[in-house]
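Below is one structure, written out as structure tokens; comments come after it.
The values are calculated or read from the model by the stated rules, or taken from the named source; none is laboratory data. Keep in mind that what you see is a predicted model, and the values were worked out from it rather than measured. Every residue, glycine as well, gets a Cβ built from its backbone with ideal geometry; the counts of neighbours run over all protein chains shown.
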Amino acid sequence: MVETRAKRGYSSLQIGLHWTVAALVLLQFLASGPIEDSWRAYVRQEAAPSDTGPTYLHIVTGLLIFGLALWRIWLRMTRGVPALPANEPKALRAVAHTTHFLIYALIIGMPISGSVAWFLGVEPAAAAHVLARNALLA
């Protein structure tokens with residue numbers, strides 16, 4: 001992400017959004033079993049599990065993460081972020097920027113790939129969703 005305006009620290013809103021998204025991502029990981037079971041049933045053309053509440057919770061939470069992540073990016077572009085330390089080597093600054101970009105790409109891309117897989121039945125999107133999950137956890 002491009003730093004539009006350097007500032008001393010993150011705003012309370014930016015910090016709150018960060019930790020909310022982090023908690024929701026953790027919830028998604030810990031509670032992903034039911035949607036995985038539903039997806040396997042879909043792929044095998046079997047009846048979906050009867051308890052769909054956790055599956056819908058996963059979908060809604062994923063869409064919430066998507067919306068909050070877009071809000072975080074908007075805040076980042078409009079309010080700015082603290083500058084990296086000036087004495088850091090350029091290579092470390094590049095790694096920091098690249099890592100931040102990749103994390104944002106994952107938290108934006110995962111809800112998109114999950115939605116495409118779930119609502120359109122696109123199996124490669126489901127595979128991309130799983131790969132993105134593993135990358136985000138790493």
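The requirement of being of a type in the set (Lys, Arg), out of contact with any helix residue (DSSP H, G or I) (no Cβ under 7 Å at 6 or more places or on another chain) and touching a residue at least 40 places away in the same chain (Cβ under 8 Å) is not satisfied by ARG72.
Determine whether GLU88 is closer than 20 Å to GLY9 by Cα, among the acidic types (Asp, Glu) and modelled with pLDDT under 90.
Numbers: closer than 20 Å to GLY9 by Cα: yes; among the acidic types (Asp, Glu): yes; modelled with pLDDT under 90: yes.
When the stated conditions are applied, GLU88 passes them.
Among the residues making up the range 79-116, those that are hydroxyl-bearing (Ser, Thr, Tyr) and out of contact with any helix residue (DSSP H, G or I) (no Cβ under 6 Å at 6 or more places or on another chain) are THR98, THR99, TYR104, SER115.
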